1. Work out how far the C-alpha atoms of the stretch 272-324 reach from end to end along every principal axis, then list the three figures in whole Å, largest first.
2. By the scheme Lys and Arg +1, Asp and Glu -1, what is the net charge of all other residues having a beta-carbon under 13 Å from that of Tyr342?
3. Taking H placed 1.01 Å from N in the peptide plane, check which residues at least 5 places from Ala161 or on another chain put their amide H under 5 Å from its amide H.
4. Which value, in Å² rounded to 10, gives the accessible area of Glu149 with a 1.4 Å probe and all protein chains present?
5. How much of Leu241 can a 1.4 Å solvent probe reach, expressed as accessible area in Å² and rounded to 10?
Amino acid sequence: MSSKPALSAANLLDELQATLMHGTVARRVETLRRVTDLYLDGEVDYCDDQIALFDDVFNCLVENIESNAKVLLAQRLAPVKAPPRIIHHLAFEDMIEIAAPVLSQSDQLDDATLIANARSKGQNHMMAISTRRSLSGAVTDVLVELGNEHVVQSTVRNPGAEFSDNGYSILVKRAELDGGLAAELSRRAIPRAQYLRMIALASASVRAKLKAANPDVAAEVTSAVKQATRLARSAPATISLQTNIAHGLVRALYEDGRINEEQVCTFANERKFDEINQAIACLAGTSVETAEALMVESRDEGLLILAKVCKLTWPTVKAIIRMRDELTGTTSADLDECRFTYERLRVSTAQQVLRFHQMQQSSAVAKPPAA
């Protein structure tokens with residue numbers, strides 16, 4: 001630490017002691033300002049012991065002072081490497097004007113602290129957290145679970161926010177009832193599994209609403225929604241570079257004779273959704289679009305059809321079901337019932353059902369959109 005800050009610190013000791021013992025609120029505020037100036041003047045030079053001393057001083061001075069002084073302190077300390085205990089104190093203040101600068105800016109707050117804050121404070125505190133420069137999946141899990149629509153949309157808009165598979169599953173479910181959130185999600189490069197799930201949920205919701213409003217044209221509604229769903233699912237902008245690379249790699253492996261049940265099971269255990277879809281599509285002799293639709297949109301039945309056509313054994317099928325459910329946030333029917341159904345299903349029957357789906361998809365492609 002430089003000699004100037006050291007001298008200033010020594011001069012402040014007597015004043016600090018007098019202030020804490022006999023000083024008025026105004027004097028405490030003025031001393032707090034001077035201590036803050038001193039800290040910021042030499043912040044980069046202080047060792048851990050000196051920072052700890054400043055921490056003690058700050059925490060003593062902020063007791064029994066007006067809120068405006070705390071707001072100013074939070075604004076000044078939030079952008080720098082500030083003493084950790086005072087930062088924690090300010091972050092957990094009930095008054096959002098005090099907490100927000102620290103929650104939105106301070107690098108001194110770790111994930112555990114941010115999560116505890118989000119769980120114990122209100123929506124305003126979560127909103128401040130949602131605007132941080134970067135957010136881990138552990139933090140966004142809590143924000144998308146507990147936050148209101150404004151907090152969730154702010155989190156999704158944050159380019160530095162990461163989301164876990166569970167977080168995306170929650171977002172997709174909330175987007176079904178929140179058009180604004182669905183719009184924000186559409187601007188992010190979300191994982192393919194979650195995107196397909198969102199499309200499936202949205203399609204079901206739209207179809208139900210349209211049928212309720214127009215019961216006499218239910219068939220036309222179903223056809224129109226299916227067409228819109230197909231277009232949304234296959235739009236080039238919704239297929240990420242990562243998905244295209246995964247599909248291309250698996251196709252190359254298949255052409256080289258290296259895609260078999262063992263490899264499919266490995267993909268499932270490694271939670272590789274894009275690779276699974278392309279591998280099953282290759283083995284079943286269908287398009288990856290058909291495989292994706294059956295995997296996500298028709299629950300277990302579609303997956304069982306594909307797996308039977310590929311002649312996969314039940315352990316591999318079970319691994320795929322678990323992978324799909326984990327990635328999309330869905331819950332399959334009883335696995336014992338699934339196994340019973342799968343073992344009774346004939347390959348020839350599965351092939352006929354798959355051809356029916358392929359014919360439907362081909363018809364949707366050929367049919368022009370309604371005017």
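The values are calculated or read from the model by the stated rules, or taken from the named source; none is laboratory data. The structure presented is a predicted model; accordingly, all values stated were derived computationally and were not measured. Note that we place each Cβ from the backbone using ideal geometry, even for glycine, and neighbour counts take in every protein chain shown. Ligands, DNA and RNA are stripped out before the accessible areas are found, and what is left, the full protein with its side chains, is counted by its heavy atoms. Shrake-Rupley method; radii C 1.70, N 1.55, O 1.52, S 1.80 Å.
1. Projected onto the principal axes, the Cα atoms of the stretch 272-324 cover 24, 20, 20 Å.
2. 0
3. Sorted by chain and number, the residues that satisfy this are Leu135.
4. 90
5. Looks like 130 Å² after rounding.
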